[in-house]
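Below: the structure, in structure tokens.
The values are calculated or read from the model by the stated rules, or taken from the named source; none is laboratory data. It should be emphasised that the depicted structure is a prediction, and the values quoted were computed from it without experimental measurement. Neighbour counts are summed over all protein chains in view; Cβ atoms, including those assigned to glycine, are modelled from backbone coordinates with ideal geometry.
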Amino acid sequence: MEFAADTVSTAQKTVDHVATFAFAVSGALLAVRKNYDVFGLAVLACAAAFGGGVIRDLIIAQGPPIAFVDQSYLWISLAAAAVIFVWHPPTRLTGWPLDVTDAVGLGLFCVTGTVKAYSSGLGAVPSALLGMVTAIGGGVVRDMLAGDQPGVLRWDRDLYAVPALVGASITALILHYGWYRLELSSAAAFVALVLRLLALHYHWHAPRARGSSRHRVESGEVP
Amino acid sequence: MEFAADTVSTAQKTVDHVATFAFAVSGALLAVRKNYDVFGLAVLACAAAFGGGVIRDLIIAQGPPIAFVDQSYLWISLAAAAVIFVWHPPTRLTGWPLDVTDAVGLGLFCVTGTVKAYSSGLGAVPSALLGMVTAIGGGVVRDMLAGDQPGVLRWDRDLYAVPALVGASITALILHYGWYRLELSSAAAFVALVLRLLALHYHWHAPRARGSSRHRVESGEVP
Amino acid sequence: MEFAADTVSTAQKTVDHVATFAFAVSGALLAVRKNYDVFGLAVLACAAAFGGGVIRDLIIAQGPPIAFVDQSYLWISLAAAAVIFVWHPPTRLTGWPLDVTDAVGLGLFCVTGTVKAYSSGLGAVPSALLGMVTAIGGGVVRDMLAGDQPGVLRWDRDLYAVPALVGASITALILHYGWYRLELSSAAAFVALVLRLLALHYHWHAPRARGSSRHRVESGEVP
């Protein structure tokens, strides 16, 4: 390792905690929108908060996922669920807070996921890929459990995977060249977060396959 | 370990077999309701029966999931699928048997899942959490494969996660204080099963987040 | 091991690459049909291509899934996504190419999945089961992410799990009796592929549970 493992693990954990709280809030807000009961809300909050990290930890195959070893992740997720249960915006106004908390989790997890994957011995490219999977995994699990199609796949949603991929790729480059410092990885998370917020604000969309787009317009088909 | 591993593993296996059969029946009954063919029925029976245990075994990370090492789980699930294929209630009457077999699997798996997690070295709280995940995992996998929203999340369904959590927590306490005996763990499974059946009979619901509930009533929105 | 590991791993990798490309094309074609943007298309192509193998590698529990260790799988999947993005049939004509590429992936993965499971030390029956899971896993992940019910479960779809199970079982028998040769495993893949294509061409369906079928016809219920 070119970087001090202790510093990484402390910073990693703090950032992971913040990202866990953010994703748990996003899951709880979706549960509010879906009108779940308090236990469904807690389950969806934990699923959103744990999803990406559990997938990452299963794939790097170095023992049980951190969320099942270190109880702090559980209590943080339940605290987020409790906060949203007693205090949350009206259902019709959950969209904006859900998107922003999701963006915070996305930005932070794409960096910590990449760092953890790289520390486990994966190469730079697989680490960036797994960092992106960590970042988008929680949202995919959350949306699928709630019966929605994952936002990352929908053409009518703003760019989602790209900010995570950019943040993860910057982090992988930093690690690959041995430049890892807390400031630089924070900058990578910040870039991913800002990109996602800009995508939300300006409704950045990616191009679609030409044939399907034309077909849709011609036929008026709703995909 | 404070308890005799041999006794645990024999009892664990017997109880796991019963729970596997129960969940496989629930999966097969859902397949009947959805009008699947015989192979879809077998796949859904196995998915329901294996789902929770595979998730548990992946998370405790001690080699391949038991269902892929010990063939007995496969044959039991296929036997359950065969029974339901040749003999099952009319489609409109599958609801009650499905709920009861699911409750049996839920009650038994929350105990065996907790015991297996604790035996693998996890702490008491993560073991209880993983026991609950083992118990509800099969039903979640079953419902999602069949295109239904998992019952554990739906506000209009009776309490589901709570009986599993109660049974898992009692088991974790028993293990934590070194009181583990077959009678006590059986009692924990019985408590979980009875709680779930009472929840079904009396339609116990959990409270929902106030804002969303009020909003729903005011607007007549169907969530 | 009764067979030369080197030969297996080289052939295994080549065949895995072809199957990966085929499944990635099937995912990309489904993305075209669903009118996803370019990133959703890449995500669905990778999910279809990696899904079965990642499930297999998680279950055999011998380190990180190959798709995250060996970058070739990623580039092959992205190449398939790129090809389909720039060149694909009109949306309404994606059905046939999707079915055929899916069948190619199914036939090849049921063999390589069984070989890899057997090489990892699992018995013949679990290896055949895991080979089938490897083959159908990518399609299940692809369909569920895209919000469709997995074809393997639907009674109105042609036989899907059975060709994979036949190919996996032949492979497991070959391995069990120590007859493993590239020609024989290729023949097993060919049998699975041809069975699936015949099932598609002649619309082979499996029988359904009698009660449900009768009920459906009587009531006109659409399952």
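To keep it simple, each residue is scored yes or no on (1) among the hydroxyl-bearing types (Ser, Thr, Tyr); (2) closer than 30 Å to C:LEU182 by Cα.
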{"residue": "C:PRO89", "(1), (2)": "no, no"}
{"residue": "C:THR94", "(1), (2)": "yes, no"}
{"residue": "C:LEU130", "(1), (2)": "no, yes"}
{"residue": "C:THR134", "(1), (2)": "yes, yes"}
{"residue": "C:LEU153", "(1), (2)": "no, no"}
{"residue": "C:PRO163", "(1), (2)": "no, yes"}
C:THR114 fails exactly one of (1) crowded, with 24+ Cβ neighbours inside 10 Å; (2) of a type outside the set (A, V, I, L, M); (3) within 14 Å of chain A (Cβ to nearest Cβ), namely (3)
Of all residues making up segment A:68-80, the number that are crowded, with 24+ Cβ neighbours inside 10 Å and under 18 Å from the mean Cα position of the chain (by Cα): 3
Counting residues that are farther than 30 Å from C:ALA206 by Cα, which helices (runs of 4 or more DSSP H) fully inside segment B:41-136 reach at least 1? B:95-119
Scanning segment C:121-131 residue by residue, those within 26 Å of B:TYR36 (Cα to Cα), buried (at least 20 other Cβ atoms within 10 Å of the Cβ) and either facing chain B (nearest Cβ under 9 Å) or in contact with a Lys or Arg (Cβ under 9 Å, 6 or more places away or on another chain) (or both) turn out to be C:PRO126, C:SER127, C:LEU129, C:LEU130, C:GLY131
Test: residue in segment A:1-11 that is assigned to a helix (DSSP H, G or I) and within 10 Å of another protein chain (Cβ to nearest Cβ): no
Residues of segment B:37-61 being more than 8 Å from chain C (Cβ to nearest Cβ), within 30 Å of C:GLY63 (Cβ to Cβ) and not basic (Lys, Arg), in sequence order, are B:CYS46, B:ALA47, B:ALA48, B:ALA49, B:PHE50, B:GLY51, B:GLY52, B:GLY53, B:ILE55, B:ASP57, B:ILE59, B:ILE60
Just for segment C:139-179: of the residues that are crowded, with 20+ Cβ neighbours inside 10 Å and outside any helix (DSSP H, G or I), which one is farthest from the other protein chains (Cβ to nearest Cβ)? C:ASP158
Would you check if B:VAL86 is surrounded by fewer than 21 Cβ atoms within 10 Å (Cβ to Cβ) and either aliphatic (A, V, I, L, M) or facing another protein chain (nearest Cβ under 9 Å) (or both)? yes
B:LYS34 vs (1) closer than 20 Å to C:GLY151 by Cα; (2) in contact with a Lys or Arg (Cβ under 8 Å, 6 or more places away or on another chain); (3) facing another protein chain (nearest Cβ under 9 Å): all pass except (2)
Residue satisfying all of: in segment C:62-82; among the polar types (S, T, N, Q) and over 17 Å from C:PHE39 (Cα atoms); nearest to the other protein chains (Cβ to nearest Cβ) among these: C:GLN71
Can you tell me how many residues within segment C:171-187 are under 16 Å from the mean Cα position of the chain (by Cα) and at pLDDT 95 or above? 1
